[in-house]
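Chemist: Below you will find the structure I want to go over with you.
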Amino acid sequence: MSARFLAGPPRKLTDFPHVNLFSVDVVTEQGNRPWTFASRKAQPTKVGVADAAVIVAIIAGDEPRLVITREFRAPLGVEEISMPSGLIDPGESAEVAAARELREETGLTLQRIAWVSPPVASSAGITDETVAYVYGEATGSPSRAHQTAHESIAIELATLAELRALLTRPHGAVISSRLYPIMIAFVSAGQIALPAF
């Protein structure tokens, strides 16, 4: 396998407020190859701190439930079935961002955090975005009262049986790549539970 590295810093191609396109030259054995990607950062390809938190929130009880969301996504043209998530503000930890975003999107409170992943790549072929998965227990009643003006997020508290059914019948929606492996893990384990390590 050939060693690869960047020939220089990324060049900004667009100038938008929240996300931009960049181009960078990748050095390979065959020569330099341009690569275009999207980034929310002012200085792209600086990995180490997650850009966003994805909240794996579980409502405990006799029949534990996973908090899932449905939101229309313009690039897909349909609803995406996912989990609460949001950008981490500068200087904010993934845990604080997770609690803030869960409250804003669902009205629920992140009561206890069981595990926070290291930054993991979202879709490394097209973006340098990384996310941290925050696993925790949520309490309260779902509410859309705290959603911002640009959000229209439906909230569901899914049982294991509902997750199993959703895996095969998403009903015209697209399941997020962030949610799908979580659903498979819970269905395969036969339970919705927080990590125990």
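Chemist: Label-point separation (nm) for residue 146 and residue 60, each offset 7 Å from Cα along Cα-to-Cβ?
Modeler: It works out to 2.0 nm between the two label points.
Chemist: Full extension from residue 41 to residue 159: what is 0.36 nm times the residue separation minus their Cα-Cα distance, to one decimal in nm?
Modeler: Roughly 38.8 nm would be gained on extension.
Chemist: Another one. Could you list the GluC sites (Glu not before Pro) in the stretch 25-94 that lie in coil according to DSSP, counting only those with at most 14 other Cβ atoms within 10 Å of their Cβ?
Modeler: Answer in residue order: 29, 92.
Chemist: How large is ³J(HN,Hα) for each residue in the stretch 87-103, as worked out from phi by the Karplus curve 6.51 cos²θ - 1.76 cosθ + 1.60 (θ = phi - 60°), to whole Hz, x for Gly and Pro?
Modeler: 5, 8, 6, x, x, 9, 7, 4, 5, 5, 4, 4, 5, 5, 5, 4, 4
Chemist: Round to the nearest 0.05 the FRET efficiency obtained for residue 12 and residue 174 when R0 = 22 Å and r is the Cβ-Cβ distance.
Modeler: So the FRET efficiency works out to roughly 0.15.
Chemist: For the chain, what does the relative contact order come out to in percent, with C-alpha contacts under 8 Å and a separation of six or more?
Modeler: Here the relative contact order equals 22 percent.
Chemist: May I pose another question? What list of ³J(HN,Hα) values in whole Hz, one per residue of the stretch 60-70 in order, does the Karplus curve 6.51 cos²θ - 1.76 cosθ + 1.60 (θ = phi - 60°) give from phi, with Gly and Pro shown as x?
Modeler: Taking θ as phi minus 60°, the curve returns 6, x, 4, 10, x, 10, 9, 7, 10, 10, 10 Hz for the stretch 60-70.
Chemist: Dividing the Cα convex hull volume of the chain by residue count, how many Å³ per residue is that?
Modeler: Spread over its residues, the Cα hull of the chain gives 158 Å³ apiece.
Quick note: the coordinates plus some simple rules give every number you see, no bench work behind them. Predicted model only: the values in this text are computed from it and were never measured. Cβ: placed from backbone, ideal geometry, glycine included. Neighbour counts: every protein chain shown.
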